[in-house]
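The values are calculated or read from the model by the stated rules, or taken from the named source; none is laboratory data. Computed from a predicted model, the values in this text were never measured in an experiment. Glycine also receives a Cβ, built like all others from the backbone with ideal geometry; neighbour counts cover every protein chain displayed.
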Amino acid sequence: MSTAIDCAWLLAEPGTRPAQARMRIAIGADGRIASVAPSGANAGGPRRLVLPALANAHDHGRTFRNSTLGACGHPLESWLFFQGLAPGVDPYLCAATSFSRSLRQGVANLMVHYTRVQGVVPYVEEARAVARAAHDVGVRIGFAIAMRDRHGMGYGPDESVLPSLRPEIRDEVARRLSVKPVAPAQQVALVDEVAEAIEADGHADHATVQYGPTAVHWCSTPLLEAIARACADSGRPVHMHLLETPYQRAWADQNHPGGIVKFLDDIGLLTPRLTLAHCVHARPEELALIAERGATIAVNTSSNLGLRSGIAPLAEMLRQGCRVAMGLDGGALDEDDDALREMRLAWSLHRGWGFEQRMSVDQLWGFASRNGPRSVRGATRVDPLAGSIVPGAPADLLVLDWDDIDDEHLFDEVDPLQQFLARATGRHIAKVIVGGRSVVQGGRVLGVDEPALVAELLARTRTALAANPAHADWRAAVRAMAEDLGPLYLRSAFAGCA
Ligand SMILES: [Zn+2]
């Protein structure tokens, strides 16, 4: 089966090629672009703008938004604990609703660093449910299994953080948050086991299994070394946070005086298979080494603002030759996963001031669309044509309502790219196509009944909350812990620092 899409405007390679008027894109039965050609006559009907779908190179498949959990306003170091406040429920419901939101907002390739395990079924079953959700929703995910073995409360041994908390919450915090380390070999073996199970289910094309060390401060050196060796053997991608906050910078400088990026390089982790989320506080020489080794950096502009982490040196990353990709990290500006608005925010913050141009539209497009699929799919599986609409490229397309975007048309010479960059948001998306298949139409995900899944998720979560008063006690403890951590970070460089 092949299909064709006619559009009033085509941005086949934004920033590289000018917009083309009245084009027809033919999609082959293999899910790839078969041809791109002028459509001839004005087709009539609603006007459409077609462009490559976006990618989200760093996220976690979160179930609920930050403000729902009462987590807003907290810096990362106390915000983290609010993520565990919702009771674990069916992982398929959580994943399918989360992936639906991302897909509706224009993301075809979505990174899922799976840091919040629901835990109501065995881990491998949970991972299979997440991959099945990706398949049903119609999005491609990278599924990075979260790996850690130290520092459950701050950036030092748990025993060094606990005395700073008020006595009445210490036992419960220790019980819930102390790290119970699992041996590196066992953590690595789980990744293989999950990958085999997802492959056997026939969902490997929708979910690329990856190693997900959470960060250097949360992983012992033996664990990181084991991951580096496993990555070299298996070729699987690695996804990890790095230098997200000022406190993580301070920890890195104290614990890796030779340089934390140099450390990653020394243990063999800094390779083209690695994606580093954030790098907000990375220095130019660190960025130069990341660029030289060919790792990708996922920049999360809204999340960094929401968690008070800072503004990433995106222009410097580009200057150093880094491959950069956009991440939403579950923290889009309006908590709506709108990838188009996220792209605009990053562009506004990072393109440069006055007449200085520090990021080109071509680089913006690399950031928002072309580079992310590599983090999601891995260097060996990614299609080199992803992020552009040319024959042979995967047919991952956004079809936007151009009548709505261009609603006060005056001058024919104004480039449609201008209006797109200035105005387009998720609400303008008429259709999302992934791998040649229509997966969103008129704001609705076609593969699953999203409103019914959301209703079911909320009902089950509320029932679980009502059934156990301990949930409310733990919420109060987390709020108290957040209050106690503030002074600790303010008086020392980071929690856990002597
Ligand atoms: Zn993250």
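Tabulated data for the structure shown
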item: Qualifying position, being within 16 Å of the ligand (Cβ to nearest atom) and under 21 Å from VAL454 (Cα atoms), among SER67, SER98, SER78; result: SER98
item: Subset of region 436-447 [surrounded by fewer than 19 Cβ atoms within 10 Å (Cβ to Cβ) and part of a loop (DSSP other than H, G, I, E, B)]; result: GLY442, GLY443, LEU446
item: Counted residues, region 40-64 - those being within 16 Å of the ligand (Cβ to nearest atom) and among the basic types (Lys, Arg); result: 1
item: Which numbered condition VAL432 fails, given (1) surrounded by 15 or more Cβ atoms within 10 Å (Cβ to Cβ); (2) part of a helix (DSSP H, G or I); result: (2)
item: Subset tally (residues that are assigned to a helix (DSSP H, G or I) and closer than 20 Å to ASP205 by Cβ) for region 92-119; result: 8
item: Check on ALA189, over 17 Å from GLU126 (Cα atoms) and modelled with pLDDT of 95 or more; result: no
item: Condition met for ALA339 (hydrophobic (A, V, I, L, M, F, W, C), in the same structural domain as GLY366 (by TED's automatic domain parsing), closer than 24 Å to GLY106 by Cα and in contact with a helix residue (DSSP H, G or I) (Cβ under 9 Å, 6 or more places away or on another chain)); result: yes
item: Per-region count, region 200-212, residues surrounded by fewer than 19 Cβ atoms within 10 Å (Cβ to Cβ) and either assigned to a loop (DSSP other than H, G, I, E, B) or under 15 Å from the mean Cα position of the chain (by Cα) (or both); result: 4
item: Any chance GLN118 is closer than 18 Å to GLU456 by Cα and more than 15 Å from the ligand (Cβ to nearest atom); result: yes
item: Those residues of region 453-469 which are surrounded by 11 or more Cβ atoms within 10 Å (Cβ to Cβ), in a helix (DSSP H, G or I) and not acidic (Asp, Glu), in sequence order; result: LEU453, VAL454, ALA455, LEU457, LEU458, ALA459, ARG460, THR461, ARG462, THR463, ALA464, LEU465
item: Any hit, region 159-171, residues being in the same structural domain as PHE81 (by TED's automatic domain parsing), under 27 Å from the mean Cα position of the chain (by Cα) and surrounded by fewer than 22 Cβ atoms within 10 Å (Cβ to Cβ); result: no
item: Count - residues of region 101-128 that are aliphatic (A, V, I, L, M) and under 17 Å from ALA452 (Cβ atoms); result: 1
item: Boolean, THR3 is surrounded by 14 or more Cβ atoms within 10 Å (Cβ to Cβ), closer than 17 Å to LYS431 by Cβ and either within 16 Å of the ligand (Cβ to nearest atom) or of a type in the set (S, T, N, Q) (or both); result: yes
item: Residue check, PRO87 surrounded by fewer than 22 Cβ atoms within 10 Å (Cβ to Cβ) and either modelled with pLDDT of 95 or more or hydrophobic (A, V, I, L, M, F, W, C) (or both); result: yes
item: Positions within region 26-51 being closer than 30 Å to MET359 by Cα and either acidic (Asp, Glu) or under 29 Å from the mean Cα position of the chain (by Cα) (or both), in sequence order; result: ARG32, ILE33, ARG48, LEU49, VAL50, LEU51
item: Some residue of region 183-199 being in contact (Cβ under 8 Å) with a residue 40 or more places away in the chain, polar (S, T, N, Q) and either part of a helix (DSSP H, G or I) or on the phi > 0 side of the Ramachandran plot (or both); result: yes
item: Wholly enclosed helices (runs of 4 or more DSSP H) of region 213-280 bearing at least 2 residues more than 16 Å from the ligand (Cβ to nearest atom), of a type in the set (Val, Ile, Thr) and free of Cβ contacts under 8 Å to residues at least 60 places away in the same chain; result: 260-266
item: Matching residues in region 321-338 - criterion: being surrounded by 24 or more Cβ atoms within 10 Å (Cβ to Cβ) and more than 16 Å from the ligand (Cβ to nearest atom); result: CYS322, ASP338
item: Residue count, region 70-91 (criterion: among the charged types (D, E, K, R) and either under 19 Å from the mean Cα position of the chain (by Cα) or not in a loop (DSSP other than H, G, I, E, B) (or both)); result: 1
item: Candidate set from region 287-306 (those that are within 28 Å of HIS74 (Cα to Cα) and assigned to a helix (DSSP H, G or I)); member that is farthest from the ligand (Cβ to nearest atom); result: LEU287
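Condition check ((1) in contact with a Leu (Cβ under 6 Å, 6 or more places away or on another chain); (2) surrounded by fewer than 24 Cβ atoms within 10 Å (Cβ to Cβ)) across all residues:
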site	(1), (2)
PRO284	no, yes
GLY294	no, yes
VAL299	yes, no
GLY306	no, no
PRO313	no, yes
